[in-house]
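Notes follow once the structure below has been shown.
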Amino acid sequence: MSQTLQDGGLTQSQVQAARELAGWNELPESQSAGPIRVLLRQFSSFLVLILIVAAAVALALGELIDAATIGLVVILNAVLGFVQEWKAETALTALRKLLSPQAMVLRDGQEQLVAARDIVPGDILVLAPGAKIAADAVLVRVADLRVDESILTGESVPVAKSQDEDKRQVYAGTSVTSGRAEAQVTATASRTEFGKIAHLTGSVGAKTTNLQSKLGQLARQLGLAALLVAAGVAGLGIVLGRDLTEMVMTGLSLSVAMVPEGLPAVVTITLALGATAMVRQNALARRLQAVETLGAASVICTDKTGTLTENKMTATRIWTFDQSYEVTGTGYDPAGHIEADGKRVRAADDPILLAVLNTGLHCSHARLVPAGKTWTMVGAPTEGALVTLAYKGWCPLPTERGVLAEIPFSSDRKRMSVLYQSPDGTQILTKGAPEQILEICTQILSHDGPLDLTPARRQSISDAYATMAADGLRVIALASRRAPDHVIEEEELVFLGLVGLIDPPRAEVRQAIASAQSAGIRIVMITGDSPITAGAIAKQLSLQVTRHLTGAELEELDDQALRTLLNEGVLFARTRPEQKMRIVAALQAENQIVAMTGDGVNDAPALKQADIGVSMGVRGTDVARDASDLVLLDDNFATIVHAIGEGRRQFANVQKFVRYLLSSNAGEVIALVVNIAVGGPLVFLATQILWMNLVTDGVTAVALGLEKAEPDQMNHPPRRKETAILGVGGIVTIILLGTYTGLSSLWIFFQLLDQGVELARTTAFTAMVVFEKVSVFAFRSLRLSNFRVGWFSNPFLLIALVVTIGAQMMAVYWPPLQVLLRTVPIGVAEWQWIGLFALPILIVPEILKMIWPNVQRT
Ligand code: ATP
């Protein structure tokens, strides 16, 4: 589609018209797991295979009811698994939607951020480093643009773009690595080059997490062991002359009892619900893996601007060779003024001030937009502050764009320059970090005109810079010179002055730092800002810092020295993004689990290298977001600390329900095995065991996964990387509890055997269900008594208990279930036995936790 280029981009009505023709800029949804696929997945597990074999064996033996019941359980299990997984799947899809891409466009003469799907042919895209290009487009203005086209070509070296015929096309899906440009969209959606190949690649399925695969493995191993043990026990019984049918049914029951059927589904739903809970706290996990790893994070490497601080910059001081100035007002409201020696000054009265303000104004892309009584700023906060400063000093505003060319800002260079057409000639205007500007200046502007930059004059600039930085101000230096030849060469410039910007620490960060430090998590600040400014901010936030290291000093260190230094409270300043990667690797070599923040395009490798890459939802670039595991929707450091808390809670809860489910299984297995050894009739039927494991335990375990964080969870050091879900303490607990519940139900069984095997079995079965329900209280915290956690603090658990006990009542008293589960009604005396044996399960763990609070954590 051809459109004539308009300087201000399309108007709203042109956008409408173009959309009618071209539609939305989106590719057809890639196939995510549909409901049918999720349902079919339920029948593909190893467990289901065991159950199907069990049903077939029961059928062959003529046990029709058993065969039907096992078949029913397979279906019930599939339905429960489906509901849980489908819920998890839809929760994740909703989370993914939150990440839908955006793009900056020029429309109606204004730069605006729109959803990438809104883009139409003819739109002008505004491209900056880190942006993912939303459509195919042709460059109309360009400054030093480089684009990573590896997604299309596989070539990882960024490609330089210009207005030359063969270099002016940019493509959807590629991303800007440096420079700036404006480009007119030529094709959208599936008509782009990327769209043409996208349908070939298809979608990548959600990766299973470490935890899920570890647990899946555990379930498979238990399944295999179950088959072996069951075959062994049944074989032995037959050799010893026991009844064949009975032994086969015992073998089946055993194999069913040993496998924690509900486990995989419970883990998936717990992690997915956890991820949804985290979004409410503004942390969006791009991979479920992140949540789990977060709980183990031992170091957070964080940048400063915007994460620890507000990133709302206000210029408060100006320093020039002859004069210092104070600036009033806050934010981007131009209502303040500039004072020198207590008197208001304006640009018109002071040529040096005019030069400073003019350079800040024209060497910036930010704009102020009046919005009712307030003002909003579009652009980078540092530049927004300089533009606001120009308004406050009554600097003449341009009527049209006078910028002819530009060398853009990058975090590597830490400065930028433009070629500016002023009424009295062409000028180079430059701004950046003072060190970077001083390097290219040979003179300084004074009221007597430009003076040579002698060492003494350089020193006075450095002193002024240090004074501002020590107060936590971010300092920007400005310089300029005439450029009659119309070329930007950053040399022999005239130093104009320094501007100090205040960027206050975020209110909640101080508390978050304290909480992270008491949770044994080390915080390392890595910033592009100056060491003195960074040190001052660290102090304001009570971040313990004993040493400052600049990027240049870091280059001098070998890996060993760096690792030693990292054990002290070190802060990295004036770093280049590439250096972050080395810091992460050094920490990982010390066995630390590192969370690392980043927002720029050059941060992507470090984000990938870190155990948890954290990107910024507001100020981050698309490239950084794509490389990260966690997106902070509010860019706030405190959110990382909350997310770590959430990660810890989830890992602890997985530990709890794994132990809970396995101890239930252990009880059943022990009852069955001991019973065979003493030669009693079958204590639980296969169908009854399935009922316990799937119907009653599964529901309870999900509720356990929703347990709130323990009150002191952030007072412990992070868990070690290799911490097992089941440690020695866990295994001992499972065996002890399993032995008690197994033997108790068996004892009840034998007590009642003279009154008929049906009654004895129903009571033993019900006893086991009740024991399992009561034992859940022992697992609500692995350390704390229920009096600390609060007996009623998890409403989901209470609901689960009511529902499952109700289900068990139906199993015992409702005729259809009586038929399926072969139960008979039990009376008050039987319930009394059950109650009596259940009581110690409630009391003993409480006492043990008082005596040995940490025993279960091993
Ligand atoms: P952090 O890494 O904590 O986010 P930062 O924002 O200071 O800190 P960079 O964006 O790399 O890191 O900026 C480094 C330095 O470059 C700043 O301290 C400032 O002196 C200078 N600077 C920042 N933005 C601009 C800009 N738009 N133009 C010119 N110089 C800038």
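Within 10 Å of each candidate Cβ there may be at most 10 other Cβ atoms; applying that plus a DSSP loop requirement, which GluC sites (Glu not before Pro) in the range 688-782 survive?
When the GluC sites (Glu not before Pro) of the range 688-782 are filtered for loop state and at most 10 Cβ neighbours within 10 Å, Glu722 remain.
Find, among the chymotrypsin sites (Phe, Trp or Tyr not before Pro) in the range 754-813, those assigned to loop by DSSP (not H, G, I, E, B) with at most 12 other beta-carbon atoms within 10 angstrom.
Those that pass, being in a loop and sparsely packed, are Trp791, Phe792.
What does the charge count near Arg780 come to, summing +1 for each Lys or Arg and -1 for each Asp or Glu among other residues with Cβ under 12 Å from its Cβ?
So the surrounding residues net to +3.
Hey, with R₀ at 41 Å, roughly what FRET efficiency would Lys196 and Glu553 work out to, going by the Cβ-Cβ distance, to 0.05?
FRET efficiency, Lys196 to Glu553: 0.25.
For the chain, what is the charge dipole size about the Cα centre, in debye to the nearest 20, if Lys and Arg each add +1 at the Cβ and Asp and Glu each add -1 at the Cβ?
1920
Which ³J(HN,Hα) values in Hz, rounded to whole numbers, follow from the phi angles of the range 631-638 under the Karplus curve 6.51 cos²θ - 1.76 cosθ + 1.60, where θ = phi - 60° and Gly and Pro get x?
3J(HN,Hα) across the range 631-638, in whole Hz: 10, 8, 5, 10, 6, 9, 4, 4.
Which of the listed residues, Thr186, Ser324, Trp852, is farthest toward the dipole's positive end in the chain, when Lys, Arg count +1 and Asp, Glu count -1 at the beta-carbon?
Towards the positive end, the residue furthest out is Trp852.
Simple spin-label model, 7 Å along Cα-to-Cβ: Thr739 to Ala371 in nm?
Using points 7 Å along Cα→Cβ, the separation is 6.7 nm.
How big is the dipole moment of the range 314-502 about its Cα centre under a simple scheme where the beta carbon of each Lys and Arg is +1, that of each Asp and Glu is -1, and everything else is neutral? Debye, nearest 20, please.
580
Assuming R0 = 45 Å, can you tell me the calculated FRET efficiency for the pair Leu228 and Trp852, based on Cβ-Cβ distance, to the nearest 0.05?
0.80
Assuming 0.36 nm per residue, please report the length gained on full extension of the stretch Ile731 to Gln112 beyond their Cα-Cα distance.
Residue separation times 0.36 nm, minus the Cα-Cα distance, leaves 217.0 nm.
In nm, to one decimal, how far is the Lys721 label point from the Ile75 one, both placed 7 Å along Cα→Cβ?
4.9
Considering only Met596, Ala561, Ala225, whose Cα is most displaced toward the positive end of the charge dipole of the chain, charges sitting on Cβ of Lys, Arg (+1) and Asp, Glu (-1)?
Final value for the positive-end residue is Ala225.
Evaluate the relative contact order of the chain (contact order divided by residue number), counting alpha-carbon pairs under 8 angstrom at least 6 apart; express in whole percent.
12
Each residue of the range 451-458 in order: what ³J(HN,Hα) in whole Hz does its phi give by Karplus 6.51 cos²θ - 1.76 cosθ + 1.60, θ = phi - 60°, with x for Gly and Pro?
After applying 6.51 cos²θ - 1.76 cosθ + 1.60, I find 10, 5, 7, 6, x, 5, 5, 4 Hz.
Write down the accessible area per residue of the range 102-202 in Å², having rolled a 1.4 Å probe over the full set of protein chains.
42
What figure, in Å² to the nearest 10, do you get for the accessible area of Val159 with a 1.4 Å probe and non-protein molecules left out?
It works out to around 50 Å².
At 0.36 nm per residue, and after removing the present C-alpha to C-alpha distance, how many nm does the segment from Leu21 to Arg37 gain when stretched out fully?
2.2 nm
Whose amide H sits under 5 Å from the amide H of Thr550, counting only residues 5 or more places off or on another chain, with H placed in the peptide plane?
Correct list: Ala573.
Could you do me a favour and compute the accessible area per residue for the range 399-450, 1.4 Å probe, result in Å²?
Roughly 46 Å² per residue, with all protein chains present.
Could you give me the ³J(HN,Hα) list for the range 724-730, computed from phi with Karplus coefficients 6.51, -1.76, 1.60 and θ = phi - 60°, whole Hz, x at Gly and Pro?
So the J values, rounded to whole Hz, are 7, 5, 10, x, 4, x, x.
Just want the answer: with Cβ charges of +1 for Lys and Arg and -1 for Asp and Glu, which residue in Ala60, Gly730, Leu368 is farthest toward the dipole's positive end in the chain?
Ala60
Quick one: order Val140, Val291 from most to least accessible surface, probe 1.4 Å.
Result, largest first: Val140, Val291.
Please give the solvent-accessible surface of Arg146 in Å², to the nearest 10, using a probe radius of 1.4 Å with every protein chain present.
The accessible area comes out at roughly 100 Å².
At most 11 other Cβ atoms within 10 Å and a DSSP loop assignment: could you name the GluC sites (Glu not before Pro) in the range 338-418 that fit?
Passing sites in the range 338-418 are Glu400.
Pairs to check: Lys539/Lys580; Lys312/Lys431; Lys414/Lys608; Lys304/Lys343; Lys87/Lys656. Give those whose C-alpha atoms are more than 29 Å from each other in this structure.
Where the Cα-Cα span goes over 29 Å, the pairs concerned are Lys304/Lys343.
At 0.36 nm per residue, and after removing the present C-alpha to C-alpha distance, how many nm does the segment from Ala561 to Met809 gain when stretched out fully?
Answer, rounded to one decimal: 82.5 nm.
Heads up, I need the accessible area for Ile65: 1.4 angstrom probe, whole protein in place, Å², nearest 10.
Estimated to the nearest 10 Å², Ile65 gives 70 Å².
Can you check what the net charge comes to around Ser298, using other residues whose Cβ is under 15 Å from the Cβ of Ser298 (Lys, Arg +1; Asp, Glu -1)?
Charge balance in the 15 Å sphere: +2.
At what distance in nm do the modelled label points of Asp341 and Trp791 sit from each other, each positioned 7 Å from its Cα along Cα→Cβ?
Output for this residue pair reads 7.9 nm.
Hey, any idea what % of the range 314-502's accessible area is carbon plus sulfur with a 1.4 Å probe?
Within the range 314-502, the accessible surface is 53 percent carbon and sulfur.
Return the long-range amide H neighbours of Val345 (sequence gap of 5 or more, or a different chain), with a cut-off of under 5 Å between placed amide H atoms.
Close amide H contacts, sequence-distant or interchain: Ile338, Glu339, Ala340.
At 222 nm, what value in deg cm²/dmol follows for the chain if DSSP H runs of at least 4 each add -39500 (n - 2.57) and the sum is divided by all its residues, to the nearest 500?
-15500 deg cm²/dmol
Please report, in debye to the nearest 20, how large the charge dipole of the range 102-202 is about its Cα centre when each Lys and Arg carries +1 at its beta carbon and each Asp and Glu carries -1 there.
140
Just to confirm a number: summing +1 for Lys and Arg and -1 for Asp and Glu over residues other than Met581 whose beta-carbon lies under 11 angstrom from that of Met581, what do you get?
+2
If amide hydrogens are placed 1.01 Å from N in the peptide plane, which non-local residues have theirs closer than 5 Å to the one on Gln102?
Ala116
Would you please classify the overall shape of the range 314-502 from the alpha carbon gyration tensor, given that a ≥ b ≥ c denote the square roots of the eigenvalues, rounded means a/c under 1.5, and beyond that prolate means a/b larger than b/c while oblate covers the rest?
It comes out rounded by the Cα gyration axes.
The values are calculated or read from the model by the stated rules, or taken from the named source; none is laboratory data. Small disclaimer: the values here were computed from a predicted structure and weren't measured. Cβ coordinates were reconstructed from backbone atoms using ideal geometry, including for glycine residues, and neighbour counts include every protein chain displayed. Surface accessibility is based on the protein's heavy atoms, side chains included, excluding ligands, DNA and RNA. Shrake-Rupley method; radii C 1.70, N 1.55, O 1.52, S 1.80 Å.
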